[in-house]
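Chemist: The structure's right below; bear with me while I get my questions together.
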Amino acid sequence: MASVPSLASTVDQRIADALSAALPEAGSADPLLRRSDRADFQANGILALAKKLKGNPRELATKVVAAIPTEDVIQEVEVSGPGFLNITVGDRAIIETLAARAADARLGVPHAERAGTTVIDYAQPNVAKEMHVGHLRSAVIGAAMVEILEFTGEKVIRRHHIGDWGTQFGMLIQYLIEHPHELDHQAAGGSRPGADPDPESETGTGTGAAAETSGEEAMSNLNRLYKASRALFDSDEEFKARSRDRVVALQAGEPETLALWQRFVDESKIYFYSVFDKLDMEIHDPDIVGESGYNDMLEETCRLLEESGVAVRSEGALCVFFEDVKGPDGNQVPLIVKKSNGGYGYAATDLSAIRDRVTNLDATTLLYVVDARQSLHFKMVFETARRAGWLNDGVKAVQLAFGTVLGKDGKPFKTREGETVRLQDLLDEAVDRATAVVREKAEKAGLAEPEIAENGRYVGIGAVKYADLSTSAVRDYKFDLDQMVSLNGDTSVYLQYAYARIKSILRKAGDTRPAAHPELPLAPAERALGLHVDQFGEVLAEVAAAYEPHKLAAYLYQLASHFTTFYDQCPVLKAETAEQVENRLFLCDVTARTLHQGLALLGIRSPERL
Ligand code: ARG
């Protein structure tokens, strides 16, 4: 597999060389190259340089131009404005570079120079609770980052830090002990063949149970149980006390309590898997290491923090303080690692998880795809880990923070009754609407019913993912299904149609195969498309380094737009010469492959016919 340097990087290198040749006193200067409408590229670096050298920028620019070899790649350089360089690359170089990309399975995209191990914490719903749109975001953005990072050569370890520990389980388990039949499926009207009334024998059934219970059924059982136990907890002081004792039993690992807890976890996993499955997303059991997975480390984590003085006792609790974290009263608000009653919370688990990921998993990067509303938590946790030496120059931690999902009304996304919107319903609706869109064009595309259903799923789920991925993660975004499945505008449907259109052209070409003809002159739309295709690897490198999948989405949208313009302006199958037909088919093909690869990295399928 050969990585192919992009034209932009070649041009950049040539200009940088010319800069140091013409102006040795400048040292190594950045040409500040960018794509430009006037020429192919514009270099602005000379302006800053002229300032530094106290020279006339246009004169310097002219000197630099004289030092640029204009043969193979760079065809023309022109000084413009106050001292910019406008650079045009040759048609031949464009097609030759793309041909080299096309010959490589990775489209010539290089691996990152220094690959490390990233542990990515994403798709982390909570046991016994309905998933909400925030969990959807973490899953979608996280899964895209996994693919993108792996594509650049990074070793990626997935961790689903599910909320499976904590005081609410005392209440749930206690309720189940006092109402033993509540988690039997008959109660919800569903039958479960061979269900064993003995709760302990249920532990660890995992996927076996999944075949028998639907995710929705599992969730509705859990929901009912959650509500009933909550109501009792709030109204009955004695039940409350018994629930608290139950938490202690759970944390002490008392077998019966643990077995019941496991039932909640297993039941919830059935539900999680059903949602992830709908999302066309693979989640693997060994990667689910929830809060409970760090239970054995909590005490030691606290001891290490206390011994090193990073954490101190304050009003009975073990706390870490920060200069810049203050409450409204001006007093510092600590990160509580251990509560005064001896209980461990979210922070202790996260700190232990950091130790595990750094020490046992050899992570060089810890990436957390978590709601921006938890940013203060992570800021304090990371800072604590740094003070303790668990994070250092060799290991960095980053929160890929995402914003809130809003309804059409601009308020946090809820049902009219103010309840969490059920994810299954949402995804089903997206698929329904997408299927209607697909159906409308099905006859023309020659699709039969099973394909309509399959494409409806790919388009509907793709639309939800793309909407989530196409705006900068940290911004809030409006969940608007009408907009998401629209054929026009910045939607996945538009991209998927562009892909299917190209595939249909390639099919229609029959025996005429795509072939690169570097000797042909290119039309402006061909050049623009070609230069854009060529930038795929650079965009990916940037997206991977800054954890910004929306830039990949934007790149793909522009790619589809460039293709649309090309297709409007340049007849493909009816081009003038046989060579031109082949060359345009070649452009079609390499565009399709780039679109396909890019969408796949975002977790979006591209059907061949649409
Ligand atoms: N379960 C949490 C929630 O639903 C998200 C967990 C994020 N990951 C972490 N390591 N704290 O909000």
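The values are calculated or read from the model by the stated rules, or taken from the named source; none is laboratory data. Source: prediction; values computed, not measured. Here the Cβ positions follow ideal geometry from the backbone for every residue, glycine too, while neighbour counts run over all protein chains shown.
Chemist: Would you confirm whether any residue within the range 49-64 is more than 16 Å from the ligand (Cβ to nearest atom), in a helix (DSSP H, G or I) and under 32 Å from the mean Cα position of the chain (by Cα)?
Modeler: Within the range 49-64, none of the residues are more than 16 Å from the ligand (Cβ to nearest atom), in a helix (DSSP H, G or I) and under 32 Å from the mean Cα position of the chain (by Cα).
Chemist: Among the numbered criteria (1) away from the ligand (no atom under 16 Å from the Cβ); (2) in a loop (DSSP other than H, G, I, E, B); (3) touching an Asp or Glu at 6+ places or on another chain (Cβ under 9 Å), which single criterion is violated by Glu417?
Modeler: (3)
Chemist: Also, I was wondering about something else. Pick out the one residue from Asp280, Asp324 that is in a loop (DSSP other than H, G, I, E, B), over 22 Å from Asp245 (Cα atoms) and at pLDDT below 95.
Modeler: Criteria check complete, one pass: Asp324.
Chemist: Considering each residue of the range 477-513, count those that are in a helix (DSSP H, G or I) and either of a type in the set (Gly, Ala, Ser) or not assigned by TED's automatic domain parsing to the domain that holds Glu582 (or both), and give that number.
Modeler: The number of residues fulfilling the criteria is 4.
Yes or no, residue by residue, for (1) over 18 Å from the mean Cα position of the chain (by Cα); (2) part of a loop (DSSP other than H, G, I, E, B); (3) in contact (Cβ under 8 Å) with a residue 40 or more places away in the chain:
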position: Leu426; (1), (2), (3): yes, no, yes
position: Glu443; (1), (2), (3): yes, no, no
position: Lys465; (1), (2), (3): no, no, yes
position: Ala516; (1), (2), (3): yes, yes, yes
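Chemist: So, in the range 333-359, of the ones that are within 16 Å of the ligand (Cβ to nearest atom) and outside any helix (DSSP H, G or I), which residue ends up nearest to Phe321 (Cα to Cα)?
Modeler: Leu335
Chemist: Is the range 150-165 home to any residue that is in contact with a His (Cβ under 8 Å, 6 or more places away or on another chain), modelled with pLDDT of 95 or more and more than 16 Å from the ligand (Cβ to nearest atom)?
Modeler: Checked against the condition, which is being in contact with a His (Cβ under 8 Å, 6 or more places away or on another chain), modelled with pLDDT of 95 or more and more than 16 Å from the ligand (Cβ to nearest atom), the range 150-165 yields at least one hit.
Chemist: Moving to a separate point now. Do you know which residues across the range 90-126 are in a loop (DSSP other than H, G, I, E, B) and not aliphatic (A, V, I, L, M)?
Modeler: Once the filter is applied, which keeps residues that are in a loop (DSSP other than H, G, I, E, B) and not aliphatic (A, V, I, L, M), the range 90-126 yields Gly90, Asp104, Arg106, Gly108, Pro110, His111, Glu113, Arg114, Gly116, Tyr122, Gln124, Pro125.
Chemist: Among the residues of the range 448-459, is there at least one that is surrounded by fewer than 18 Cβ atoms within 10 Å (Cβ to Cβ) and either outside any helix (DSSP H, G or I) or touching a Cys at 6+ places or on another chain (Cβ under 8 Å) (or both)?
Modeler: Among the residues of the range 448-459, at least one is surrounded by fewer than 18 Cβ atoms within 10 Å (Cβ to Cβ) and either outside any helix (DSSP H, G or I) or touching a Cys at 6+ places or on another chain (Cβ under 8 Å) (or both), which makes the answer yes.
Chemist: State whether the residues of the range 166-173 include one that is free of Cβ contacts under 8 Å to residues at least 40 places away in the same chain and more than 16 Å from the ligand (Cβ to nearest atom).
Modeler: Within the range 166-173, none of the residues are free of Cβ contacts under 8 Å to residues at least 40 places away in the same chain and more than 16 Å from the ligand (Cβ to nearest atom).
Chemist: Could you say whether any residue in the range 297-312 is assigned by TED's automatic domain parsing to the domain that holds Val156, more than 16 Å from Asp121 (Cα to Cα), more than 16 Å from the ligand (Cβ to nearest atom) and of a type in the set (Val, Ile, Thr)?
Modeler: yes
Chemist: Kindly indicate whether any position in the range 29-37 is in a strand (DSSP E or B), surrounded by fewer than 18 Cβ atoms within 10 Å (Cβ to Cβ) and either in contact with a strand residue (DSSP E or B) (Cβ under 7 Å, 6 or more places away or on another chain) or in contact (Cβ under 8 Å) with a residue 40 or more places away in the chain (or both).
Modeler: Within the range 29-37, one or more residues are in a strand (DSSP E or B), surrounded by fewer than 18 Cβ atoms within 10 Å (Cβ to Cβ) and either in contact with a strand residue (DSSP E or B) (Cβ under 7 Å, 6 or more places away or on another chain) or in contact (Cβ under 8 Å) with a residue 40 or more places away in the chain (or both).
Chemist: Also, quick follow-up: Can you pull out the residues in the range 365-376 that are touching a residue at least 40 places away in the same chain (Cβ under 8 Å) and surrounded by fewer than 21 Cβ atoms within 10 Å (Cβ to Cβ)?
Modeler: Thr365, Asp371, Ala372, Leu376
Chemist: Moving on. How about the range 394-411: which of its residues are away from the ligand (no atom under 13 Å from the Cβ), within 20 Å of Pro549 (Cβ to Cβ) and not basic (Lys, Arg)?
Modeler: Of everything in the range 394-411, those that are away from the ligand (no atom under 13 Å from the Cβ), within 20 Å of Pro549 (Cβ to Cβ) and not basic (Lys, Arg) turn out to be Gly403, Val405, Leu406.
Chemist: Among the residues of the range 367-393, count how many are touching a helix residue (DSSP H, G or I) at 6+ places or on another chain (Cβ under 9 Å) and away from the ligand (no atom under 11 Å from the Cβ).
Modeler: Number of matching residues: 9.
Chemist: May I pose another question? Could you tell me which of the residues Leu540, Leu610 is surrounded by 23 or more Cβ atoms within 10 Å (Cβ to Cβ) and at pLDDT below 95?
Modeler: Just one listed residue meets the conditions, Leu610.
Chemist: Of the conditions (1) in contact (Cβ under 8 Å) with a residue 24 or more places away in the chain; (2) more than 19 Å from the chain's Cα centre (by Cα), Asp280 satisfies every one except a single condition; which number is it?
Modeler: Status for Asp280: all satisfied but (2).
Chemist: Looking only at the range 67-93, which residues are closer than 11 Å to Ile15 by Cα and surrounded by fewer than 14 Cβ atoms within 10 Å (Cβ to Cβ)?
Modeler: Listed by number, the list holds a single entry, Pro69.
Chemist: If a residue has to be of a type in the set (Asp, Glu) and within 14 Å of the ligand (Cβ to nearest atom) to count, how many in the range 93-149 make the cut?
Modeler: 2
Chemist: Right, another one. Please count how many residues of the range 573-607 are of a type in the set (D, E, K, R), surrounded by fewer than 22 Cβ atoms within 10 Å (Cβ to Cβ) and part of a helix (DSSP H, G or I).
Modeler: Within the range 573-607, residues that are of a type in the set (D, E, K, R), surrounded by fewer than 22 Cβ atoms within 10 Å (Cβ to Cβ) and part of a helix (DSSP H, G or I) number 4.
Chemist: Can you pull out every residue in the range 127-149 that is assigned to a loop (DSSP other than H, G, I, E, B) and acidic (Asp, Glu)?
Modeler: The one that is assigned to a loop (DSSP other than H, G, I, E, B) and acidic (Asp, Glu): Glu130.
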